[in-house]
Structures are given as structure tokens and as C-alpha cells.
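The values are calculated or read from the model by the stated rules, or taken from the named source; none is laboratory data. As the structure is a computational prediction, the values presented were derived from the model and not from experiment. Counting neighbours? That spans all protein chains shown, and the Cβs are built from the backbone with ideal geometry, glycine included. For the accessible areas, the whole protein counts, side chains as well, though only heavy atoms, and no ligand, DNA or RNA atoms are used. Shrake-Rupley method; radii C 1.70, N 1.55, O 1.52, S 1.80 Å.
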Amino acid sequence: MGILILIVIVLLYMRASLQVSTAVVAIALFLSTVFSISGSLSQFFAWVIFISVAIPLNMTSLRMEWITGRIFTVFKKLMPPISQTEREALDAGTIWWEGELFSGAPDWEKLKSYKKTELSEEEKAFLDGPCEQLYKMLDDFRITSDLYDLPKEVWDFMKREKFFGMIVPKEYGGLEFSAYGHSQVIMKIASRSTTAAVTVMVPNSLGPAELIHAYGTDEQKKYYLPRLADGTDVPCFALTSPHAGSDAGSMPDSGYVEKGNFDGKEVVGIRLNFDKRYITLSSSATVMGLAFRLFDPDSLIGANEDIGITVALIPSTLPGVETGPRHDPTGTPFLNGPVRGKDVFIPLDYIVGGVDEAGHGWKMLMERLAIGRSISLPALSVAAGKVASRGTGGYSRIRKQFKLPIGKFEGVEEALARIAGNTYLMDAGRRMTLVAVDSGERPALVSAIAKYNLTEMMRGVVNDAMDVQGGSAIVMGPRNFIGTIYQGVPVSITVEGANILTRTLIVFGQGIIRAHPFVLKEMEAVSNPNPDRALEDFDDALFGHIGFTASNAVRSFISALTFGKLISAPSGTRFGKYYKRIGWMSAAFAFASDISLLVLGGDLKRKEKISGRFADVLSQLYLASTALKRFEDDGRPEEDIPLVEWSCEETLFKAQNQLGEVINNFPNRLVGEFIRLFVFPLGKHFNAPSDRLGHKVASLLLEPSAARDRLTEGMFLPTDMNEQLAKIEDALPKVIAAEPLEKKIGKALREGTISAFLFEDQIEEALKEGIITKDEKEVIIAGNKARTDVITVDEFPVDYWSGRGSR
């Protein structure tokens with residue numbers, strides 16, 4: 001009997017089909033009987049159990065009558081209703097690598113097969129040409145403290161060079177950049193000016209150009225896309241209402257189909273009333289995409305009165321449209337404000353895609369948001385990490401306290417390790433998510449993972465940079481390269497789906513349905529109006545689901561006992577242990593998810609703390625995968641090994657702990673302990689990155705190297721010595737060259753060979769005593785001068801703030 005149990009466990013681990021498993025167990029029982037391996041009584045009971053289970057499971061008609069039909073009836077009653085907006089959100093995206101992580105057995109060959117992100121020659125030329133010109137035109141301190149907007153010449157330049165037309169096809173006069181090329185442009189601009197980056201982001205993200213390109217009529221494409229590409233029209237997109245926020249189903253903005261006069265003619269059109277806020281570029285927009293709920297009480301365009309959420313194009317000059325006022329988003333002066341409309345009348349052909357697309361607005365938004373959310377905010381987040389890595393890392397080697405570079409203090413080193421490690425991880429996540437978009441995917445779930453996690457990691461990185469730099473980070477002025485980034489962090493956290501809601505409702509709440517291999521199939525089967533077909537589909541999904549859960553239970557338990565040694569990993573990699581650990585945690589995550597869904601059912605989506613922790617597990621497994629993928633794509637550079645190790649150990653540690661918190665806080669304690677038995681039978685195994693590893697990672701930021709260059713590749717590095725980052729780049733090698741010579745002077749001072757108090761006098765005395773040469777003196781002076789220039793902070797006249805509050 002023990003051998004049979006072992007065989008069943010092996011079959012479950014290997015995910016053998018029901019038919020294969022039945023045959024193997026039957027053969028084993030037969031051999032056991034023939035050779036009398038066990039007693040006759042135990043053999044008899046084994047055959048009874050086998051036949052009792054095998055016959056109903058393998059005879060579909062009996063299985064459906066005795067088992068599936070009863071479960072189907074209960075499941076149909078218990079299945080929570082799915083709202084129309086939820087259904088459209090579920091249907092909007094495609095499943096990609098996250099589906100492998102939900103499987104419990106990721107296919108690493110599939111990960112390896114994903115193409116590497118690369119720029120086209122046109123994209124490279126744009127980055128090296130117009131982008132470089134733009135960066136040199138941007139004075140971020142002047143923009144944020146004086147102009148409260150981009151200068152007119154910058155606006156004109158961006159329009160002329162088609163910065164607003166990166167997503168517009170070439171046939172309509174746009175640049176038609178890849179998602180990766182688009183992201184690289186946003187990232188580089190963001191490393192210079194958040195205000196400029198957001199201004200370029202919006203026309204190229206969810207908005208009129210994106211919607212018209214994907215869903216517009218030929219007439220809409222021919223008219224609007226060329227105008228949007230060259231800046232003749234500036235777009236905005238109006239979605240958020242004061243009383244609805246993220247709840248689109250409660251959107252109060254309305255449109256009623258009626259007859260009215262437009263351009264002197266009576267036409268069937270829509271009478272709109274709306275009140276929107278937080279709309280970026282609203283005060284400068286000439287055309288807005290407007291989301292509203294459409295009603296047709298007189299059945300002028302269809303049989304339904306409530307047609308649903310619809311998107312239309314609204315010229316800002318139409319009577320009744322109000323734009324102009326501005327919000328002040330944490331002092332970051334990109335144009336953002338309310339738009340309102342009272343009794344605005346538009347013809348039906350203003351609907352994006354025409355009348356046929358009326359009521360399809362929410363699906364449009366979900367599909368396109370999955371793409372835009374993959375590009376803009378991840379690029380903004382990575383830019384912040386690169387600036388912190390390059391600038392704060394260099395600053396911490398240049399700045400001295402207690403005669404030691406502050407980057408050498410262990411407390412500062414901890415922060416630097418997080419800055420470097422998270423920047424590597426953010427960029428890995430950004431790049432792999434862009435692969436999905438450029439491959440034609442609509443990665444709704446992956447984009448939510450990227451947006452939520454990368455903006456949160458950015459928040460941590462920027463906070464660490466602020467802590468390391470201390471006073472030089474809080475004194476605003478032209479020398480402060482991190483302060484305006486810090487001001488803008490909450491904006492990224494909030495827009496395109498507030499992070500709290502993204503984490504607790506989307507990543508796992510929708511992921512458990514969309515990315516799970518069987519849950520959506522079960523739900524669709526129950527909803528099928530054909531009872532016979534519904535039962536057949538449900539039977540296939542149900543027993544596939546049961547086998548899937550049992551397999552993951554076995555894989556999770558055995559992996560925990562063997563520390564993942566039996567899990568496969570790609571050949572020829574030095575990081576096999578991390579591939580194995582991700583596979584191990586994938587099985588544990590899938591098993592715990594299924595048990596939670598079985599026990600909590602529809603209540604799981606309302607248990608937001610539980611679903612949020614599951615979202616964290618999935619997010620960390622995704623990010624760990626991207627770090628391994630990035631290392632391969634970069635050609636396995638030896639210098640980057642500490643960054644990969646830090647990334648994998650950090651993400652696996654977090655995934656393990658969040659899964660542990662799911663268990664610790666599971667509403668049913670017995671079920672929680674049951675999950676723990678299979679997931680952590682020997683306790684938790686993963687540790688956070690060690691101090692030794694953190695030291696290696698932090699050290700990469702403290703001196704010029706190929707690894708430092710790769711980590712910060714793509715950010716803007718000024719050469720104008722009036723720029724603080726240029727000062728740091730200039731000072732770093734000078735300070736490093738001076739360090740061993742300064743140690744000579746320090747040693748002489750301790751030994752009493754020299755005794756001067758001031759450093760300048762110590763240099764002269766050391767030269768006189770022959771401790772240093774004349775050339776070495778010049779090296780020390782150059783390093784000290786450069787250090788002084790870097791650590792100097794801005795100061796302003798007493799009357800600097802006079803009149804500033806009257807704007």
C-alpha cells in the first residue's frame with residue numbers, strides 16, 4: 001500500500017493525466033497481486049478502493065451524473081455575480097507570463113524565448129537628436145518654482161518634433177515607436193523633469209490618440225491622428241468624477257440621445273452634462289476624450305435605454321465646455337485640472353468608433369489602459385531610480401563625515417543597497433513588461449503588477465535617497481536633483497489606478513479568475529445557457545482543477561521538504577537555485593490560492609487584506625523572473641551578479657513572508673494550518689539579502705564602473721558644469737584619486753609629523769615635509785574643490801519669496 005501511495009504522489013508531482021495515472025496504478029496493483037508484494041487482505045482493499053475511484057472518474061457519463069451534476073448545482077448558486085464592468089475588465093486583457101506563475105510549474109523555456117528589448121535606428125536617432133535638444137532646454141527648477149509650466153519654446157519644440165505623436169502610425173504623420181522606444185523617451189525625459197515627462201506621457205498614453213487608433217472610424221483617424229501627431233491638437237482624457245473615482249459603474253456624467261441643432265442643422269446627437277477632475281493637460285487641451293454613461297430614452301439608436309459607458313471626442317471650444325482652472329499636484333506643475341460641461345450637444349459621429357461603439361467605452365478603457373499602464377509610470381519610476389543611483393550614489397562617495405565617505409557607513413550602505421537593488425529590479429520589470437506589449441499582448445494583469453510595484457519601489461528608493469543626502473535633498477534649488485522627484489512621487493502612486501485598489505482588487509482579484517487555468521472556464525460553463533454543454537464544460541474544468549490543486553499540493557510539500565531541489569531549471573545558468581525557488585513558491589502560491597477560493601468563494605474578493613497579500617506574492621514572483629530574464633538579455637555580465645542575487649533574494653523573501661501572512665490571518669484557523677502543512681512544513685526557508693551581499697551591491701554605486709553605467713543607462717547625464725549631476729560626475733573620479741593621498745596626510749597627522757589645524761595648511765605642511773609631491777598636492781586640491789562644489793546647497797536673497805504667493 002505504501003508503494004502505491006508513493007506512486008500516486010509521483011504521478012501528481014509529474015502532473016500525469018487521469019488516464020495515464022489510472023493505467024499506472026492498475027499496473028502497479030496487478031504486479032503487486034501477482035508477486036504477492038503485500039498481504040492478500042490489503043491487496044483486496046486496495047483493489048476495492050481503486051475500482052471505486054477509477055470507474056466513476058474515468059467513465060464520463062457516470063462522473064457527470066454522480067459527481068459533477070451535484071457540484072454544478074451548488075457552484076451555480078454560490079458563484080458571485082459579475083458586474084458588467086468586471087466582465088469587460090476580465091475580457092479586456094491577455095494572459096502572459098503571469099499565467100505560468102499561477103500554474104505552479106513555470107515553463108522557463110517560454111521565459112527564455114521572449115525577445116530582448118531593442119531600439120530601432122529611428123528610435124536611437126530620436127533619443128540622440130531631438131531628445132538631447134529637449135533635455136538641454138529644460139530647467140526644472142525654473143519650471144517648478146518660477147514658471148509653473150513648461151516654457152512656450154519647449155511646448156513648441158515638443159509639438160514640432162512630434163513628441164506627442166510617438167504612438168501615432170507613420171501613415172498619419174506619427175513616429176510609430178515601439179513600446180520600448182516610447183518608454184525610453186519618457187524615462188530619459190523624466191530623469192530631467194517630471195513636469196516635462198508627464199506632459200509627454202499623457203498624449204501617448206490612454207487618451208484620444210490611443211483610442212482613435214484602436215477603435216476610431218476612418219474619418220476620425222484621418223482627421224485627428226495627423227493633428228495629434230504634430231501638436232495641432234493637444235489631447236486630454238476625462239474619466240474621473242468627484243463622486244465616482246475608480247467606480248466607473250457609479251459614474252454620474254451622462255449623455256442623452258436626442259435631436260438637436262449642430263452647425264445649423266437638426267441632427268440626432270447627445271446632450272452631455274459632466275463634471276470631471278484631475279485631468280492632465282485639461283487647461284491646454286483642444287480635444288478631450290470623455291467617458292460618460294449614455295442613455296437613449298426614445299430608442300433613437302437602439303432598443304436599450306441604458307446603453308452604457310461610452311467614449312466621445314469633445315472639442316474644448318464647444319458651447320458649454322469649461323476648461324482652464326488648474327489643480328496643484330504636490331507642487332509639480334504639469335497642467336492638471338477640472339473639466340466641466342453643461343448641456344453640451346454633440347453629433348453621434350463624435351463617439352469614438354461611431355454609433356456601433358456606443359456602450360463599449362469601459363472595454364476600450366480597460367484594453368488600452370493595460371498598454372499605457374505598462375509604459376508611462378514604470379518609465380517614470382525607473383528614471384527616479386537611475387537618478388538616485390547615479391546621483392545619490394556618487395554623492396555618498398564624495399560627501400565626507402568623520403573623515404570617511406558617508407557611503408562607507410553601514411547605515412548608509414543599507415540604503416544604497418536598496419537604491420541599487422530596487423533600481424535594477426524596477427528596470428528589469430519595466431523591460432520585460434514592454435516585451436509583452438511589443439509582442440502584441442494586452443497585459444492587463446502584468447501592467448497592474450508593474451504599475452503598482454514599480455511606483456511603490458520608486459517611493460522607497462527616493463525616500464532612501466532623501467535620507468542619504470540629508471540637508472542637500474531638502475534645500476530646494478538648482479543644485480537639488482532629487483527634491484522635485486520626491487514631490488512628484490504621490491502623483492505616480494495615485495494615477496492610473498490608485499495603488500491600494502490596484503493591489504487589493506486587480507492584481508489578485510482579477511488574476512485568480514483570468515490567469516488561473518480553470519477558474520474562468522468554470523465560471524463560463526456555469527453561465528452557459530445550453531445545459532448539456534454547460535455540464536460538459538464544467539466537468540472538464542472541474543476535474544482539471546481538482547487535479548491541478550492536488551498536484552500543486554504535492555509539489556509544494558515535496559519542494560519544501562527537498563528545498564526545491566527536484567524542480568527543473570534552465571540548463572547552463574548560474575542561478576539555478578533561484579529558478580527552482582520561484583517554481584517552488586509558484587506551486588505554494590497556486591495551492592494556497594485554490595484552497596482560499598474553495599473555502600472563501602465569492603467572499604475572497606472582499607477579503608482585501610488576504611487578496612492584497614496574494615497580490616504581493618504574485619508580484620514578487622513576477623519581479624524575480626524579470627531579474628533573471630534581464631541578466632540573460634544583458635549577456636550575463638559578471639559585475640551584475642550581486643544585483644541579480646539581491647533582487648532574487650529580496651523578492652523571494654517578500655513572497656514567502658506575504659504567503660505566511662495569508663496563512664497567519666486566514667479567517668478559518670484550521671484551514672490556515674492545513675495550508676501551512678503543505679506550504680511550510682519545515683518553516684520558512686528564505687532570508688533577506690545578507691549584509692555581505694548588500695555591501696557588494698552598494699559598492700557598485702560608489703565608483704565608476706561598467707555595472708554602474710548599465711544600471712543607470714538611458715538617463716540624461718548633463719555635461720554642463722552648472723548642473724549638479726555634472727558636478728557629481730566630475731567630482732567622483734577626482735575625489736577617488738585624492739583618497740589615498742589624503743590618507744597619507746591623515747597618517748602623518750596622527751604620527752605628529754605634521755600638526756596644522758586647517759586642511760589647506762596640512763596640505764602645505766605635508767608637501768614641505770616630503771609626505772606628498774607637488775603633483776599629488778594638485779590632485780588633493782582638485783578633489784577637495786570638487787567636493788566642496790558638490791556639497792554646496794542653494795541660497796537665495798531675503799526678498800526671494802516676495803510676491804510669489806500672489807500667483
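Take the conditions outside any helix (DSSP H, G or I), closer than 21 Å to residue 413 by Cα and open to solvent by 40 Å² or more (accessible area, probe 1.4 Å) and apply them to residue 681. Does it pass?
Working: outside any helix (DSSP H, G or I): yes; closer than 21 Å to residue 413 by Cα: no; open to solvent by 40 Å² or more (accessible area, probe 1.4 Å): yes.
Judged against the criteria, residue 681 is not a match.
Residues to consider are 640, 616; find the one that is open to solvent by 10 Å² or more (accessible area, probe 1.4 Å), out of contact with any His (no Cβ under 9 Å at 6 or more places or on another chain), at negative phi and assigned to a helix (DSSP H, G or I).
When all the criteria are applied, what remains is 616.
Among what's in the range 157-201 and is touching a residue at least 12 places away in the same chain (Cβ under 8 Å) and out of contact with any helix residue (DSSP H, G or I) (no Cβ under 8 Å at 6 or more places or on another chain), pick the residue that is surrounded by the fewest Cβ atoms within 10 Å (Cβ to Cβ).
Let us first name the residues in the range 157-201 that are touching a residue at least 12 places away in the same chain (Cβ under 8 Å), namely 157-169, 172-175, 177-201.
Next, from what is left, pick out any that are out of contact with any helix residue (DSSP H, G or I) (no Cβ under 8 Å at 6 or more places or on another chain): 159-160.
On the way: 159: 18, 160: 11.
Filtering first and then ranking leaves 160.
Considering each of 154, 202, 185, 168 in turn, give the residue that is β-branched (Val, Ile, Thr), over 25 Å from residue 120 (Cβ atoms) and touching a Leu at 6+ places or on another chain (Cβ under 9 Å).
On the way: 202 fails: over 25 Å from residue 120 (Cβ atoms); 185 fails: over 25 Å from residue 120 (Cβ atoms); 168 fails: over 25 Å from residue 120 (Cβ atoms).
Within the list 154, 202, 185, 168, the selection yields 154.
So residue 577 passes all but one of these: (1) touching a helix residue (DSSP H, G or I) at 6+ places or on another chain (Cβ under 6 Å); (2) part of a helix (DSSP H, G or I). Which condition number does it fail?
So the condition that residue 577 fails would be (1).
Using beta carbons and a limit of 8 Å, which pairs, at least six apart or on different chains, have the first residue in the range 236-247 and at pLDDT below 90 and the second one outside any loop (DSSP other than H, G, I, E, B) and open to solvent by 30 Å² or more (accessible area, probe 1.4 Å)?
Between residues of the range 236-247 that are at pLDDT below 90 and residues that are outside any loop (DSSP other than H, G, I, E, B) and open to solvent by 30 Å² or more (accessible area, probe 1.4 Å), the close pairs are 243/250; 244/250; 246/501.
Each row is one residue, and each column tells you yes or no for (1) of a type in the set (A, V, I, L, M); (2) modelled with pLDDT of 85 or more.
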site	(1), (2)
55	yes, yes
72	no, yes
88	no, no
91	no, no
94	no, yes
102	no, yes
105	yes, yes
145	no, yes
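Within the range 770-783, is there a residue that is of a type in the set (D, E, K, R) and closer than 24 Å to residue 194 by Cα?
So the first thing to find is which residues in the range 770-783 are of a type in the set (D, E, K, R), and the list is 774-778.
Narrowing further to those that are closer than 24 Å to residue 194 by Cα: none.
No, the range 770-783 contains no residue that is of a type in the set (D, E, K, R) and closer than 24 Å to residue 194 by Cα.
Taking the range 240-265, which residues are assigned to a loop (DSSP other than H, G, I, E, B), open to solvent by 50 Å² or more (accessible area, probe 1.4 Å) and touching a Leu at 6+ places or on another chain (Cβ under 8 Å)?
246
Taking the range 123-138, which residues are among the aromatic types (Phe, Trp, Tyr) and either at pLDDT 95 or above or over 15 Å from residue 714 (Cβ atoms) (or both)? Lay out the reasoning, then the answer.
Going through the range 123-138, the residues among the aromatic types (Phe, Trp, Tyr) turn out to be 126, 135.
Answer for the range 123-138, where residues must be among the aromatic types (Phe, Trp, Tyr) and either at pLDDT 95 or above or over 15 Å from residue 714 (Cβ atoms) (or both): just 126.
Could you tell me whether any residue of the range 268-279 is free of Cβ contacts under 8 Å to residues at least 40 places away in the same chain, crowded, with 20+ Cβ neighbours inside 10 Å and under 33 Å from the mean Cα position of the chain (by Cα)? Outline the logic, then answer.
Looking only at the range 268-279, we keep the residues that are free of Cβ contacts under 8 Å to residues at least 40 places away in the same chain, and these are none.
Taking every residue of the range 268-279 in turn, none turns out to be free of Cβ contacts under 8 Å to residues at least 40 places away in the same chain, crowded, with 20+ Cβ neighbours inside 10 Å and under 33 Å from the mean Cα position of the chain (by Cα).
Return a yes/no flag: does the range 774-783 have any residue that is under 30 Å from residue 461 (Cβ atoms) and either in contact with a strand residue (DSSP E or B) (Cβ under 6 Å, 6 or more places away or on another chain) or modelled with pLDDT of 95 or more (or both).
Within the range 774-783, the subset under 30 Å from residue 461 (Cβ atoms) is 783.
Still in the running and either in contact with a strand residue (DSSP E or B) (Cβ under 6 Å, 6 or more places away or on another chain) or modelled with pLDDT of 95 or more (or both): 783.
Yes, the range 774-783 contains at least one residue that is under 30 Å from residue 461 (Cβ atoms) and either in contact with a strand residue (DSSP E or B) (Cβ under 6 Å, 6 or more places away or on another chain) or modelled with pLDDT of 95 or more (or both).
For (1) free of Cβ contacts under 8 Å to residues at least 40 places away in the same chain; (2) not in a loop (DSSP other than H, G, I, E, B), each residue gets a yes or a no:
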{"residue": "282", "(1), (2)": "no, no"}
{"residue": "289", "(1), (2)": "no, yes"}
{"residue": "292", "(1), (2)": "no, yes"}
{"residue": "297", "(1), (2)": "no, no"}
{"residue": "317", "(1), (2)": "yes, no"}
{"residue": "326", "(1), (2)": "no, no"}
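Picking from 791, 754, 763, 780, which residue would you name as being of a type in the set (A, V, I, L, M, F, W, C), surrounded by 15 or more Cβ atoms within 10 Å (Cβ to Cβ), touching a residue at least 12 places away in the same chain (Cβ under 8 Å) and touching a Ser or Thr at 6+ places or on another chain (Cβ under 7 Å)?
Exactly one of 791, 754, 763, 780 is of a type in the set (A, V, I, L, M, F, W, C), surrounded by 15 or more Cβ atoms within 10 Å (Cβ to Cβ), touching a residue at least 12 places away in the same chain (Cβ under 8 Å) and touching a Ser or Thr at 6+ places or on another chain (Cβ under 7 Å), namely 791.
Exactly one of (1) closer than 22 Å to residue 464 by Cβ; (2) in contact with a helix residue (DSSP H, G or I) (Cβ under 6 Å, 6 or more places away or on another chain); (3) open to solvent by less than 80 Å² (accessible area, probe 1.4 Å); (4) of a type outside the set (A, V, I, L, M) is unmet by residue 696. Its number?
Condition not satisfied by residue 696: (3).
Are any residues in the range 445-503 closer than 30 Å to residue 93 by Cβ, in a loop (DSSP other than H, G, I, E, B) and at pLDDT 95 or above, and if so, which ones?
none
Here are some conditions: (1) assigned to a helix (DSSP H, G or I); (2) open to solvent by less than 70 Å² (accessible area, probe 1.4 Å); (3) of a type in the set (A, V, I, L, M, F, W, C). Residue 670 meets all but one. Which one does it not meet?
For residue 670, the failing item is (2).
Regarding residue 441, is this residue surrounded by fewer than 24 Cβ atoms within 10 Å (Cβ to Cβ), of a type outside the set (A, V, I, L, M), out of contact with any Leu (no Cβ under 6 Å at 6 or more places or on another chain) and within 30 Å of residue 95 (Cβ to Cβ)?
Values: surrounded by fewer than 24 Cβ atoms within 10 Å (Cβ to Cβ): yes; of a type outside the set (A, V, I, L, M): yes; out of contact with any Leu (no Cβ under 6 Å at 6 or more places or on another chain): yes; within 30 Å of residue 95 (Cβ to Cβ): yes.
The answer is yes for residue 441.
Please identify the pairs in which a residue from the range 211-228 that is acidic (Asp, Glu) has its Cβ atom under 8 Å from the Cβ atom of a residue that is open to solvent by 70 Å² or more (accessible area, probe 1.4 Å) and assigned to a helix (DSSP H, G or I), counting only partners at least 6 apart or on another chain.
So the pair list comes out as 219/349.
Which count do you get for residues in the range 135-149 that are of a type in the set (A, V, I, L, M) and farther than 24 Å from residue 475 by Cβ? Spell out the reasoning first.
Narrowing the range 135-149 to residues of a type in the set (A, V, I, L, M): 137-138, 143, 147.
Subsequent filtering for residues that are farther than 24 Å from residue 475 by Cβ retains 137.
Count: 1.
Sort out which residues of the range 699-755 are in contact with a strand residue (DSSP E or B) (Cβ under 9 Å, 6 or more places away or on another chain) and either on the phi > 0 side of the Ramachandran plot or among the aliphatic types (A, V, I, L, M) (or both), and write them in order of number.
The answer is 702, 735.
Of all residues in the range 521-554, count the ones that are among the charged types (D, E, K, R), closer than 22 Å to residue 66 by Cβ and in contact (Cβ under 8 Å) with a residue 12 or more places away in the chain. Don't jump to the end; show me each part of the working.
Restricting attention to the range 521-554, the residues satisfying the condition of being among the charged types (D, E, K, R) are 521-522, 524, 532-533, 536-537, 539-540.
Then drop every residue that is not closer than 22 Å to residue 66 by Cβ, which leaves 521-522, 532-533, 536-537, 539-540.
The next check asks that each one be in contact (Cβ under 8 Å) with a residue 12 or more places away in the chain; those that pass are 521-522, 536-537, 539-540.
Number satisfying all stated conditions: 6.
Residues are listed down the side, and each one gets a yes or a no for (1) aliphatic (A, V, I, L, M); (2) buried (at least 20 other Cβ atoms within 10 Å of the Cβ):
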residue	(1), (2)
474	yes, no
487	no, no
500	yes, no
506	yes, yes
512	yes, yes
517	no, no
521	no, no
531	no, no
541	yes, yes
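Quick check on residue 388: is it modelled with pLDDT of 95 or more and crowded, with 24+ Cβ neighbours inside 10 Å?
Numbers: modelled with pLDDT of 95 or more: yes; crowded, with 24+ Cβ neighbours inside 10 Å: yes.
Spelling it out, residue 388 is indeed modelled with pLDDT of 95 or more and crowded, with 24+ Cβ neighbours inside 10 Å.
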